[in-house]
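Peer 1: Input: one structure, supplied below.
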Number of protein chains: 2
Amino acid sequence: MTITIHDVARRLNLSITTVSRALDGYPDVAVETRERVSRVAAEMGYVPSRVARQLRRRRADAIGYVLPTPQPRFADPFFSELISGLGDEAAHYNLDVLVSTAPPGEATERAMYERWARSRRVDGVVLSRMRRHDWRVDYLAEQGLPFVALGHSLNAVDYPYIDVDARAGLIALVAHLAEQGHRRIAYIGASPDLMLQTARLEGYRAGLAALDLEADPAWVAEGDLTRQGGYRAATQLLAAPRPPTAIIGANDLTAIGAMRAASERGLVVGRDLAVAGYDGVGEAEHAHPPLTTLNQPVYDIARQLVKMLIRLIAQEPLAERHVLLQTRVADPRLHPGVKAPAHTRAIEAR
Amino acid sequence: MTITIHDVARRLNLSITTVSRALDGYPDVAVETRERVSRVAAEMGYVPSRVARQLRRRRADAIGYVLPTPQPRFADPFFSELISGLGDEAAHYNLDVLVSTAPPGEATERAMYERWARSRRVDGVVLSRMRRHDWRVDYLAEQGLPFVALGHSLNAVDYPYIDVDARAGLIALVAHLAEQGHRRIAYIGASPDLMLQTARLEGYRAGLAALDLEADPAWVAEGDLTRQGGYRAATQLLAAPRPPTAIIGANDLTAIGAMRAASERGLVVGRDLAVAGYDGVGEAEHAHPPLTTLNQPVYDIARQLVKMLIRLIAQEPLAERHVLLQTRVADPRLHPGVKAPAHTRAIEAR
DNA sequence: TTGTAGGCGTTATCAA
DNA sequence: TTGATAACGCCTACAA
């Protein structure tokens, strides 16, 4: 059925050994032989069986990524951008990307990683959305399965990661809002066991402190990084006796949910209430009005992570084991070339 | 290093054959033996090597999906929902999902499918965003690699698919807008070689014809299914001498881009202009104002596609080879429990 | 009910 | 420079 190395060898009157080495570019093959082999192999449409090669070489030629899906129906552009970055970079190295889905922290998730680790289905793993004490880190380290992460946890184990300085980012964002006159700034966060929550909440508080702004505990709400979560939390915040005039969401989806809550309450976002997010997913840019957001170059981070992982797998040294990126406030009103509708001016109101 | 079936067999003083059969649940194993084997195997943390099994069984235990990424940075929630559906369903069957990325119609894309087909890396493939004459269909059929599709093309080859009756959907959508008093309804489509464009444009036209509404060719614009495309097309439409009062986007991203174009022009969407989309991605629901959209249950479709693909791979008969789903207009204002802000009432204006 | 042995398609070792 | 042969880890026809 499928063409094997035997077929090619037979046709050439050569041994499979020679064919194999010719195709893999070993030096101890006569130039002329190599050419004949490559030509005939191509003619016959021969492609080495990946599985056989994997078994022999004891490599999977694949990396894995588990999509954190809190609910079954799950649509976050942040992750489609992440996956597209992983896929693009992996393709350069002829690596496959295995994508699996699991609700974070549950048994299913553990089962996924165990399957991969035990059956050596992947050569390495990319982690994201790190938890403060992340069992995945300990587990993978213990199993000796290479991994890199988007973000970092508090585990004792050292591992390569790329992180974004969310603390600094939020300080800047708070300052940005304060500059526009806001004094009552709220924050909708995420589960406290997530590192991103730790960093962003800390940044939010530091930002307020730096400017001597009031920090009412009632202005800190917990979301779940979904639009629904943002919607619910914002609804509560806005119904309080002293509602905020600006809301920062821990990610863009949260912010978008908050915008909806605001407009359902009859507030015009950008006039009656400022809403800011974090991610820089394209969605934000096209929100109405455009969302002020902290830009994270997810796509590039994903590609970089794959590069790091590959070096790690090959046991080559890494130039930088820990990368900390700075992020900037992207206020669409400041974008050159984009006309800013008057009503997106965020001002103190109510 | 890793525990193999040999280790387990040795520990039990059994042959690997017996261990293998005991674990795979063959009937010709003594009950007591089976129990001992399972217990010890579990104790030792033995998991069969997937690669070895694949080589032997000549199956990949994986399905593939190529994400259509027109640009490198790519973030469409539609696809993250699709992937999460594929992943969830595949997990039930202990199947891996290989995700690759490629710009549609280019050499890279072809290379991806060839790699998978030739090296038998996957047992089957899920296609989406079908082109009118889709080379993938002919190629995969010729290679004998099982596949199912979200949508269908015009190729002569017959294959299992799930499609959404976009024609009927658009007729309903046009009627819905007309009911609200709109007479100048525009449509922003996609590349004409996409089947979805064929069906949606046809539905749009049929919808207008059914109600004897004017069909000005200038009201049909070409987008590219991205927010940017929707933004550009809408900008042009709105700048025309007789601008439309309602715009239908071929997908939700297009519609969201159009909304931005409108608000930049100083129009209030929902009051001065109605905008409708197609996808039912969560994003739409939380747009501001919520977007009228045709709901496609992508997540469920994805799961159903995996089920079909598995039967196809197992060469079991399919109950239905071609599924045509109906879609309904989801107007957020009609959602129970969600208060409709007055300004989302779409009315004839300008 | 259990074991022996061959083979899935490669790559790697060693000898020719 | 090339070839015979032994793995890689598992499954399965066949024999015991």
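The values are calculated or read from the model by the stated rules, or taken from the named source; none is laboratory data. Worth saying up front: this structure is predicted, and the values here are computed from it rather than measured. Methodologically, a virtual Cβ is constructed for each residue, glycine included, from the backbone with ideal geometry; neighbour enumeration extends over all protein chains shown.
Peer 1: Given the options A:21, A:53, A:59, name the one that is within 11 Å of DNA strand C (Cβ to nearest atom) and touching an Asp or Glu at 6+ places or on another chain (Cβ under 6 Å).
Peer 2: A:59
Peer 1: Another question, then. May I ask you to verify whether residue A:74 is modelled with pLDDT under 95 and under 16 Å from residue A:299 (Cα atoms)?
Peer 2: no
Peer 1: Sort out which residues of segment B:12-29 are away from DNA strand D (no atom under 11 Å from the Cβ), buried (at least 16 other Cβ atoms within 10 Å of the Cβ) and either in contact (Cβ under 8 Å) with a residue 24 or more places away in the chain or within 43 Å of the chain's Cα centre (by Cα) (or both), and write them in order of number.
Peer 2: Across segment B:12-29, the qualifying residue is only B:12.
Peer 1: Considering every residue within segment B:124-131, establish whether at least one is among the hydrophobic types (A, V, I, L, M, F, W, C) and over 18 Å from the mean Cα position of the chain (by Cα).
Peer 2: Within segment B:124-131 (the criterion being among the hydrophobic types (A, V, I, L, M, F, W, C) and over 18 Å from the mean Cα position of the chain (by Cα)), the answer is no, since none of the residues qualifies.
Peer 1: For residue A:32, only one of the following conditions fails: (1) more than 24 Å from residue A:116 (Cβ to Cβ); (2) more than 8 Å from DNA strand D (Cβ to nearest atom); (3) acidic (Asp, Glu). What is its number?
Peer 2: Of (1) more than 24 Å from residue A:116 (Cβ to Cβ); (2) more than 8 Å from DNA strand D (Cβ to nearest atom); (3) acidic (Asp, Glu), only one is false for residue A:32: (2).
Peer 1: Residues of segment B:187-202 being under 15 Å from residue B:247 (Cβ atoms) and among the small types (Gly, Ala, Ser), which ones?
Peer 2: Listed by number, the residues that qualify are B:189, B:190.
Peer 1: Continuing with the same structure: Given the criteria touching a residue at least 12 places away in the same chain (Cβ under 8 Å) and within 12 Å of DNA strand D (Cβ to nearest atom), does residue A:8 qualify?
Peer 2: For residue A:8, the condition - touching a residue at least 12 places away in the same chain (Cβ under 8 Å) and within 12 Å of DNA strand D (Cβ to nearest atom) - is met.
Peer 1: Of the residues in segment A:61-78, how many are at the interface with chain B (Cβ under 7 Å from one of its Cβ atoms) and out of contact with any strand residue (DSSP E or B) (no Cβ under 6 Å at 6 or more places or on another chain)?
Peer 2: Summing the residues that are at the interface with chain B (Cβ under 7 Å from one of its Cβ atoms) and out of contact with any strand residue (DSSP E or B) (no Cβ under 6 Å at 6 or more places or on another chain) in segment A:61-78 gives 6.
Peer 1: Check residue A:41 against each of (1) more than 16 Å from DNA strand D (Cβ to nearest atom); (2) in a helix (DSSP H, G or I); (3) not aromatic (Phe, Trp, Tyr) and name the one condition it does not meet.
Peer 2: Every listed condition holds for residue A:41 apart from (1).
Peer 1: How do the helices (runs of 4 or more DSSP H) wholly within segment A:100-181 filter down when requiring 2 or more residues that are out of contact with any helix residue (DSSP H, G or I) (no Cβ under 8 Å at 6 or more places or on another chain) and crowded, with 18+ Cβ neighbours inside 10 Å: which remain?
Peer 2: Correct list: A:107-118, A:166-179.
Peer 1: Tell me, yes or no, whether segment A:209-222 has at least one residue that is modelled with pLDDT of 90 or more, away from every other protein chain (no Cβ under 13 Å), closer than 24 Å to residue A:69 by Cβ and surrounded by 22 or more Cβ atoms within 10 Å (Cβ to Cβ).
Peer 2: There is at least one residue in segment A:209-222 that is modelled with pLDDT of 90 or more, away from every other protein chain (no Cβ under 13 Å), closer than 24 Å to residue A:69 by Cβ and surrounded by 22 or more Cβ atoms within 10 Å (Cβ to Cβ).
Peer 1: Just the residues that are assigned to a helix (DSSP H, G or I) and under 31 Å from the mean Cα position of the chain (by Cα), please, taken from segment B:235-244.
Peer 2: Correct list: B:235, B:236, B:237, B:238.
Peer 1: Sort through A:232, A:260 and tell me the only one that's touching a helix residue (DSSP H, G or I) at 6+ places or on another chain (Cβ under 7 Å) and part of a helix (DSSP H, G or I).
Peer 2: A:260
Peer 1: As an exercise: evaluate residue B:52 against (1) farther than 16 Å from residue A:97 by Cα; (2) modelled with pLDDT under 90; (3) facing another protein chain (nearest Cβ under 9 Å) and give the number of the one condition it does not meet.
Peer 2: Residue B:52 satisfies every listed condition except (2).
Peer 1: Going by the conditions given, is residue A:27 over 26 Å from residue B:107 (Cα atoms) and out of contact with any helix residue (DSSP H, G or I) (no Cβ under 7 Å at 6 or more places or on another chain)?
Peer 2: yes
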